[in-house]
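Student: This structure is in structure tokens; I'll ask about it shortly.
The values are calculated or read from the model by the stated rules, or taken from the named source; none is laboratory data. Note that this is a predicted model, so its numbers are computed, not measured. FYI the Cβ positions are ideal-geometry reconstructions off the backbone, even for glycines, and counts take in every protein chain you see. Note: areas computed on protein heavy atoms with side chains; ligands, DNA, RNA excluded. Shrake-Rupley method; radii C 1.70, N 1.55, O 1.52, S 1.80 Å.
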Number of protein chains: 2
Amino acid sequence: MNGAEALVHTLVGGGIDVCFTNPGTSEMHFVSALDRVPGMRSILVLYEGVATGAADGYWRLAERPASTLLHLGPGLCNGLSNIHNARKASSGFVNIIGEHASWHLKYDAPLASDIEGLARPLSHWVKTAPNSKAVAPEAVNAILEARKGHIASLILPGDSAWEESAGPAATPALSVSSNQFGSIEAAVRALTSGEPTMLVIGGRAIRGEALELAGRIAGKTGATLATQFFSSRIERGAGRVPTYRIPYFVEPALKALAGFKHFVTVETREPVAFFAYPGKPSLLKPEGSQVHSICEPFDDGLSALRALADALDAKPSHALHQARGENLLPTGPLNQQSIAQILCALIPENGIVVDESVTTGRESIAITAGAAPHDWLQNMGGSIGYGLPVAIGAAVACPDRRVISLSGDGSAMYTIQALWTQARESLNITTLIFANRAYQILLAEYAGVGAGVPGPKAAAMMSLENPTMDFVAMSKSMGVPARRASTCEELIAALQANLKEPGPNLIEVVL
Amino acid sequence: MNGAEALVHTLVGGGIDVCFTNPGTSEMHFVSALDRVPGMRSILVLYEGVATGAADGYWRLAERPASTLLHLGPGLCNGLSNIHNARKASSGFVNIIGEHASWHLKYDAPLASDIEGLARPLSHWVKTAPNSKAVAPEAVNAILEARKGHIASLILPGDSAWEESAGPAATPALSVSSNQFGSIEAAVRALTSGEPTMLVIGGRAIRGEALELAGRIAGKTGATLATQFFSSRIERGAGRVPTYRIPYFVEPALKALAGFKHFVTVETREPVAFFAYPGKPSLLKPEGSQVHSICEPFDDGLSALRALADALDAKPSHALHQARGENLLPTGPLNQQSIAQILCALIPENGIVVDESVTTGRESIAITAGAAPHDWLQNMGGSIGYGLPVAIGAAVACPDRRVISLSGDGSAMYTIQALWTQARESLNITTLIFANRAYQILLAEYAGVGAGVPGPKAAAMMSLENPTMDFVAMSKSMGVPARRASTCEELIAALQANLKEPGPNLIEVVL
């Protein structure tokens, strides 16, 4: 058994049985091992950013790591921005990065680069397997890292892959998290002070029992239950505990937080501005208010909320639950509000929404609060091009659920190759491209940073006109059936049809 | 004048008047400055890998640097693999990378990352402008680096961009290169020894006077004049000095070099294998042969060849020149040979060929040696997805010349967004997509690394069937007119039509 076979065995044995793959010559022994070692589903992508984004989406739904297979330093480079997004979401996975055989490196062949140097800034763990016998033990270390929600990058030189190994290595059973969280005393005092308090939850604390407990605490104490503008995964919709979303832009965020004296944070930190703006603050809380962290990001928010609910004697009956929204389908022109109303009515029960809707969905998503219960995934790292790939990972993790992937036109074009993999794997993904034919968000940001009114050259840098893109044709060209919608009636009809069809499909929503 | 305006002034003053751009919020002051500072052509791209590849292509033809505008760490990440390719080609340009305002960094906002750490492995020069007054002087340093064929990465925090500057800074006149090269004595001895000698030229030594001098030297001494398998830019075709291309695969390369006793190298190093293979050597020269470097990569090959030609008394009459190939247009099925014959006949005078043809063009390009005189550009870093972007840069640098961009289907999908920018800028680019519907080269590599015969899972990782892509529809969806060709007759007709039409167009060549 060579090093590559030992690696695949070790990954599968350690619970990593999906690999998002874009291999080259230096990875051929890994590819070859897929035929001899059972249990690994290998999914081909046309670009590495699709692989890393898919691994992010897989983690968020499956709650366990996948792997990626990347072709040397440049293959890693192409995956880095979605690794950045995954890292900010605390999504763990193992990158297998091919490398030249050790004895070839000194000749500085065309593809030679400093892979460790490229991997380090965005990985929690980086290691080059020094020989074929070290591959399996290092894979175990990588798996253990990834299970913590970390980015593990295992570099696999050709000779480590093709030479004889000592066989696979066993990964210890999933270590239960440490139940680690901070002191709840200050939070209890704040929540019982009678002063306006916001309970801000993030990470895994926005779903399941944790969300329910947060709802009880808010109901019992009168605190406002909130999430950051972006969260990695929220369970929301009818029957769930609703949360208030802190606004994106600085001015409305300051206004929303004004008056609060305390912020109790769980698996997140105090709200900060997404970008810096001249003369505007980075911190959004009002002066004189206090932040009480009971659980740092990626610590054990569930245990923290259990302790807090116990201390406050918050009971199930204290929790408020979202009512189902009225299914009033709008007619006429499409705009942010009518699109959100249509989604509220049509998101299917147990659907998964991957939100990269940027301008179109950014301020109107509250309208969908009363949709059928669903998961809502957002971009934690701010690097666009996350949506279409994350939808792949979510659909692979949950083949029985429908994924609705919302994307701006500008953001969709970052990783548009993802559509081909959606077709190849017959994934149940309905993509909506909001074609406003601009980097619309930048028009607001341009004013926000005090740059004034764009002149012709600046305006051209934010326009996606000339030529306009035809997303219906583009989608079909990669094997994904597509429709176009320009009115509410058309979007409703297209969405109703698409949600019924198995496999992927797409709607170009012309705005 | 704020820092961003001073930066644009300084770039333009320093001869950098093209910027390949994909901006975000943190770059809005730079974008705004474009309207107030004349002289900078800003070209919008939909993905950063298109920007960096275009800057590479621009350098290769214009022989001076362009700039890119990238959105923070993730924007840089998306451009890194084509930066890798450019670095290996010694193409210089200045990356302007936006960053949060300095005072915002400590809050670890979503887009915060270690930009310097990400830039360093592939940049020759990295600097964060510490304040608005430092922007222009640091831009001068970046320009001077880029002029050397280096990658310069200037990180521009928001406050350095929007606060008051001390105005632009002047870049010193282009410093003439140092005429640096090594001793020619050993090379003279080798070339006059009567023993088989190969003169291997690279870098800027494969064009103009340098190529002519190399031809004289080869003619006078009987040496074989050769280039590496990949070169950044070759002037070739009828009337030019022809060169022998050292093969890609190890076995034919060993065979081709067997018998040579001396290798004289100019602006390149001794031939090495592209990849490592079990049991095969990395160095391709025969045992007992000697390498005589008279000029390291990116030193002054022209001066070295002048000295060598003088020492050998090589005269213009000694040079062999390529005859025009017969324009026999093939008929019937398309294959590597017939495609190359068609290109030989139809490449227009003074055309620019950007070659990412991978399997389809890899072994048959010698057939085009007798085409009308043209430039031929290849990928020096081995990271696919270089071709469509490099074609943009070449077309921007040479608006009066036709660019022919040859791409595999797999490689085209890496940076397919480039088509939109080609349409937007009405660039004279004819793209040929060779649709063999596979990562065909990997089938050869799979055997080459000793992985045997691919089983079903491995074979699936190299297939681009299921679904097949429709490049005609995809191209049109981004505004580039397209045709399909499945026979020689169809390809000839399509190419003849496309070469006459101004602006970009595309042919899907179905194999």
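Student: Can you run phi through the Karplus equation (6.51, -1.76, 1.60; θ = phi - 60°) for the range A:376-389 and list ³J(HN,Hα) in whole Hz, with x for Gly and Pro?
Tutor: So the Karplus estimates, Gly and Pro as x, are 10, 10, 10, 7, 8, x, x, 8, 6, x, 8, x, 4, x Hz.
Student: Would you grab the residues whose amide H sits under 5 Å from the one on B:Val353? Only those 5+ places off in sequence or on another chain, please, with H modelled 1.01 Å from N.
Tutor: B:Asp375, B:Trp376, B:Leu377, B:Ile404
Student: What is the range B:172-270's relative contact order, in percent, from Cα pairs under 8 angstrom and six or more apart in sequence? Write down the numbers at each step before the final one.
Tutor: Values: 120 pairs, mean separation 35.7, N = 99.
Here the relative contact order equals 36 percent.
Student: Averaged across B:45-51, how many Cβ atoms of other chains sit within 10 Å of each residue's Cβ atom?
Tutor: Whole-number average of other-chain Cβ neighbours for B:45-51 is 4.
Student: Work out the length of the dipole vector of the range A:51-113 about its Cα centre, built from +1 on the beta-carbon of each Lys and Arg and -1 on the beta-carbon of each Asp and Glu, and round it to the nearest 20 debye. Mind showing how you got there, number by number?
Tutor: Working: 5 positive and 4 negative charges, 35 e Å.
Computed about the Cα centre, the dipole is about 160 debye.
Student: On average, how many beta carbons from a partner chain sit within 10 Å of the beta carbon of a residue in A:365-372?
Tutor: Working: counts 0, 0, 0, 0, 0, 0, 0, 0.
Averaged over the peptide's residues, the number is 0.
Student: While we're on this one: Stretched out fully, how many nm does the piece from A:Gln290 to A:Ala170 gain, at 0.36 nm a residue minus the Cα gap? Could you put the intermediate results ahead of the total?
Tutor: Values: separation 120, 0.36 × 120 = 43.20 nm, distance 4.68 nm.
My answer for the length gained is 38.5 nm.
Student: Amide H neighbours of A:Leu432 under 5 Å, at least 5 residues apart or on other chains, H built in the peptide plane: list them.
Tutor: Amide H neighbours of A:Leu432: A:Ser405, A:Leu406, A:Ser407, A:Ile507.
Student: Using the 7 Å Cα-to-Cβ label point, sort the distances from A:Pro137 to its equivalents in the other copies shortest first and give them in nm to one decimal.
Tutor: Once sorted, the set of distances for A:Pro137 reads 5.2 nm.
Student: Can you give the net charge of the other residues whose Cβ lies under 13 Å from the Cβ of B:Gly75, counting K and R as +1 and D and E as -1? List each step's numbers first, then the result.
Tutor: Details: positive: none; negative: B:Glu27, B:Glu48, B:Glu99.
Here the count lands on -3.
Student: Averaged across B:193-205, how many Cβ atoms of other chains sit within 10 Å of each residue's Cβ atom?
Tutor: 0
Student: Return the sequence-ordered ³J(HN,Hα) values of the range B:10-18 in whole Hz as given by the Karplus equation 6.51 cos²θ - 1.76 cosθ + 1.60 applied to θ = phi - 60°, using x for Gly and Pro.
Tutor: Karplus values, whole Hz, x for Gly and Pro: 5, 4, 4, x, x, x, 9, 10, 10.
Student: Please work out how much accessible surface A:Glu296 shows to a 1.4 Å probe, ignoring ligands, DNA and RNA, in Å² rounded to 10.
Tutor: 70
Student: Compute the Cα gyration tensor for the range A:15-100, then decide on rounded, prolate or oblate, letting a ≥ b ≥ c be the square roots of its eigenvalues: rounded whenever a/c is under 1.5, prolate when a/b is larger than b/c in the other cases, and oblate in all that remain.
Tutor: oblate
Student: Just check the range A:357-424 against the gyration tensor rule for me: Cα atoms, a ≥ b ≥ c as the square roots of the eigenvalues, rounded for a/c under 1.5, and otherwise prolate or oblate depending on whether a/b exceeds b/c. Write down the numbers at each step before the final one.
Tutor: On the way: a/c = 2.09, a/b = 1.14, b/c = 1.84.
Verdict is oblate for the range A:357-424.
Student: Per-residue ellipticity at 222 nm for the protein assembly as shown, helices alone: DSSP H runs ≥ 4 residues times -39500 (n - 2.57), over residue total, nearest 500 deg cm²/dmol?
Tutor: Only helices count here, giving -10500 deg cm²/dmol.
Student: So if we plug the beta-carbon distance of A:Trp103 and B:Ala366 into 1/(1 + (r/R0)^6) with R0 = 35 Å, what FRET efficiency do we get, rounded to 0.05? Before the final figure, lay out the partial values.
Tutor: On the way: r = 31 Å, r/R0 = 0.89.
Computed FRET efficiency for A:Trp103 and B:Ala366: 0.65.
Student: Which GluC sites (Glu not before Pro) in the range B:464-493 pass both tests, a DSSP loop state and at most 12 other beta-carbon atoms within 10 Å? Before the final figure, lay out each step's value.
Tutor: On the way: sites: B:Glu465, B:Glu489, B:Glu490; in loops: B:Glu465.
Answer by residue number: B:Glu465.
Student: Which of the peptides A:451-464, B:128-141 is most tightly packed, and how do the rest follow, going by the mean number of other Cβ atoms within 10 Å of each residue?
Tutor: For the peptides A:451-464, B:128-141, the packing ranking is B:128-141, A:451-464.
Student: Contact order normalised by length for chain A, with contacts defined as Cα pairs under 8 Å and 6 or more residues apart; what percent is it? Walk me through the intermediate numbers first.
Tutor: Working: 1230 pairs, mean separation 72.9, N = 511.
It rounds to 14 percent for chain A.
Student: Okay, next question. Residue by residue through the range B:275-288, what is 3J(HN,Hα) from phi via Karplus (6.51 cos²θ - 1.76 cosθ + 1.60, θ = phi - 60°)? Round to whole Hz and write x for glycine and proline.
Tutor: Each residue of the range B:275-288 in turn: 10, 8, 10, x, x, 10, x, 8, 8, 9, 6, x, 4, x Hz.
Student: Among the aspartates and glutamates, select those whose C-alpha is under 16 Å from the C-alpha of B:Lys127, and discard any that sit fewer than 8 residues away in the same chain.
Tutor: Of all the aspartates and glutamates, those that pass the test against B:Lys127 - Cα under 16 Å, at least 8 places apart if same chain - are B:Glu99, B:Asp114, B:Glu116, B:Glu138, B:Glu145, B:Asp159.
Student: If you take every residue apart from B:Gly149 with its C-beta less than 14 Å away from the C-beta of B:Gly149, what net charge results, scoring Lys and Arg +1 and Asp and Glu -1?
Tutor: Taking every other residue near B:Gly149 into account, the sum is +1.
Student: Taking a point 7 Å out from Cα toward Cβ as the label site, list the nm distances between A:Glu489 and the same residue in every other copy, smallest first.
Tutor: Label point to label point, same position, other copies: 4.9 nm.
Student: Determine which residues of the range B:296-315 fall in the zone a paramagnetic label at B:Thr192 would reach in this model, i.e. backbone nitrogen under 13 Å from the point 7 Å along Cα→Cβ.
Tutor: Answer for the range B:296-315: B:308-314.
Student: In the range B:439-511, how does Rg compare with the Kirkwood Rh, expressed as the Rg/Rh ratio over alpha carbon atoms?
Tutor: Result for the range B:439-511 is an Rg/Rh of 1.14.
Student: Assuming a ≥ b ≥ c are the square roots of the Cα gyration tensor eigenvalues, decide whether the range B:140-200 counts as rounded (a/c under 1.5), prolate (otherwise, with a/b larger than b/c) or oblate.
Tutor: Numbers: a/c = 7.90, a/b = 3.54, b/c = 2.24.
Prolate, since a/c reaches 1.5 and a/b exceeds b/c.
Student: With a 1.4 Å probe on protein heavy atoms only, work out how much accessible surface B and A bury together, total over both chains, in Å² to the nearest 100.
Tutor: For chain B against chain A, roughly 7900 Å² becomes buried.
Student: Using modelled amide H (1.01 Å from N, peptide plane; none on Pro or chain starts), what sits under 5 Å from the amide H of B:Val126, excluding residues fewer than 5 places away?
Tutor: B:Ser153
Student: Are any of the pairs A:Lys88/B:Lys106; A:Lys255/A:Lys280; A:Lys106/B:Lys148 more than 22 Å apart by Cα-Cα distance, and if so, which?
Tutor: A:Lys106/B:Lys148
Student: A further question follows. Summing +1 for each Lys or Arg and -1 for each Asp or Glu, what net charge is found among the other residues whose Cβ lies under 13 Å from the Cβ of B:Arg207?
Tutor: Numbers: positive: B:Arg60, B:Arg204, B:Arg233, B:Arg236, B:Arg240; negative: B:Glu63, B:Glu209, B:Glu212, B:Glu235, B:Glu267, B:Asp375.
Within the 13 Å Cβ shell, the charges total -1.
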